[in-house]
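Report on one structure; see the data block that follows.
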Amino acid sequence: MCRLSEWAGKINIAGELRTEEPLSLHTTFRVGGPADLYARPKHEQDVAELLRFAAEHDIPHFVLGGGSNILVSDLGIRGLVIDTTGLRHCAASDTTLNVGTGLPISEASAFAAEAGLGGLDFIYSMPGSVGGAVWMNARCYDSEIYDVLSSVTLIEPGGRRVVYTPRPEDFGYKRSPFMERPGVMTSVSFALHRASRDDLWHRMREHEADRRSKGHFAAPCAGSVFKNNRSFGRPSGAIIDGLGLRGLQRGGARVSDLHANIIVNTGTATATDIRAVIEHVHREVKRRLGHELEREVLYVGQWAEDRP
Ligand SMILES: Cc1cc2nc3c(=O)[nH]c(=O)nc-3n(C[C@H](O)[C@H](O)[C@H](O)COP(=O)(O)OP(=O)(O)OC[C@H]3O[C@@H](n4cnc5c(N)ncnc54)[C@H](O)[C@@H]3O)c2cc1C
């Protein structure tokens, strides 16, 4: 603790800096223990400063977006958590949209629609940040982020700034090169096209209504827990449902009654409860059908379950 306050005292950034920040405040599951050191920088140079500091003092770091695709352990995260949600600039020039990675992707979509720019309408109302959507190559309604991605600015560990131009071979189904490339994405440019504002909003409201009808916003969750695998013949939700696992509950975590590939926090769940449900479902699908479901939600932090 003494060391943490010492570190915090040495960092000079614009933005927020705290010790022992509860990560349950920053995840859509609403669970997760404390971050030793939590920083929410405002500008790109603050990100570089944090990464330089972490490298110099050998402090591990984790990059947090909207916290909508992660399960943070009850024990929390050791080292530094860099929360990107303070990086929120957004500007359109002709058909290019340049956005800070901490802006909610849905806000970027709305901003584009207001500017009469189409291409991001598919992702309206999906939770999470621009950076998280790029990291995951988020997809829905037959489109994915790669389709409109033009360039990404990344601060590498140590503080070097690089601009990356996407290449088709680096992206795939819920796969991006940033999964193997450490660093913090700070801004992203999207190549969009002119479109009618009214048509865009019409489609965006349809997507939002569809998500609502599937229970996406009914309880704290992280969206789909498992990826779909075409070779299994059915979406993961249908597979899980087919085995009668809808409604399965451990502690405060439950397979959603509205969509079997979503696990919800009914109000009192711990991260351990949620992980127990995820692993039960995974085991049952393997045991009864032989399918190895691939988890989409990431386990983050220090897990008692993983100790030898
Ligand atoms: C109700 C609901 C519905 C959802 N629907 C969909 C859907 O339709 N399609 C879909 O693909 N996903 C969906 N998701 C999952 C999730 O919203 C997406 O994967 C989203 O893109 C994650 O973004 P995030 O900012 O929350 O990332 P986080 O969960 O914060 O982080 C995810 C990963 O990205 C990394 N990361 C985040 N930002 C940066 C950055 N700036 N630089 C470097 N690394 C970074 C993190 O380190 C982490 O490894 C849904 C989730 C919910 C809760």
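The values are calculated or read from the model by the stated rules, or taken from the named source; none is laboratory data. Since the model is a prediction, treat every value here as computed from it, not as a measurement. Here the Cβ positions follow ideal geometry from the backbone for every residue, glycine too, while neighbour counts run over all protein chains shown.
For the range 157-174, check the following and say yes or no: at least one residue is within 26 Å of residue 274 (Cα to Cα) and assigned by TED's automatic domain parsing to the domain that holds residue 99. Looking through the range 157-174, at least one residue is within 26 Å of residue 274 (Cα to Cα) and assigned by TED's automatic domain parsing to the domain that holds residue 99. Can you name the residue in the range 31-48 that is buried (at least 24 other Cβ atoms within 10 Å of the Cβ) and under 25 Å from residue 226 (Cα atoms) and, of all such residues, is nearest to the ligand (Cβ to nearest atom)? In this case the residue turns out to be 32. The single condition from (1) in a strand (DSSP E or B); (2) near the ligand (Cβ under 9 Å from one of its atoms) that residue 190 fails is (2). When residue 295 is tested against (1) at pLDDT below 95; (2) under 26 Å from residue 213 (Cα atoms); (3) charged (D, E, K, R), just one condition goes unmet, and that condition is (1). The set of residues from the range 130-145 being part of a loop (DSSP other than H, G, I, E, B), surrounded by fewer than 22 Cβ atoms within 10 Å (Cβ to Cβ) and not charged (D, E, K, R) comprises just one member, 141.
A search for C-beta distances below 8 Å between a residue of the range 208-224 that is touching a residue at least 24 places away in the same chain (Cβ under 8 Å) and of a type in the set (Lys, Arg) and any residue that is within 9 Å of the ligand (Cβ to nearest atom) and in a loop (DSSP other than H, G, I, E, B), counting only pairs 6+ apart in sequence or on different chains, returns 211/125; 211/126; 211/217. Of all residues in the range 1-33, those satisfying the criterion of being under 15 Å from residue 82 (Cβ atoms) and assigned to a strand (DSSP E or B) are 15, 16, 17, 18, 19, 21.
Of the strands (runs of 3 or more DSSP E) lying entirely inside the range 60-129, those carrying at least 3 residues that are more than 8 Å from the ligand (Cβ to nearest atom) and among the hydrophobic types (A, V, I, L, M, F, W, C) are 77-83, 90-93. For the range 49-59, the set of residues classified as more than 13 Å from the ligand (Cβ to nearest atom) and touching a strand residue (DSSP E or B) at 6+ places or on another chain (Cβ under 7 Å) consists of 54, 59, listed by residue number. Selection within the range 158-181: residues that are under 18 Å from residue 44 (Cβ atoms) and within 11 Å of the ligand (Cβ to nearest atom). The member of this set that is surrounded by the fewest Cβ atoms within 10 Å (Cβ to Cβ) is 181.
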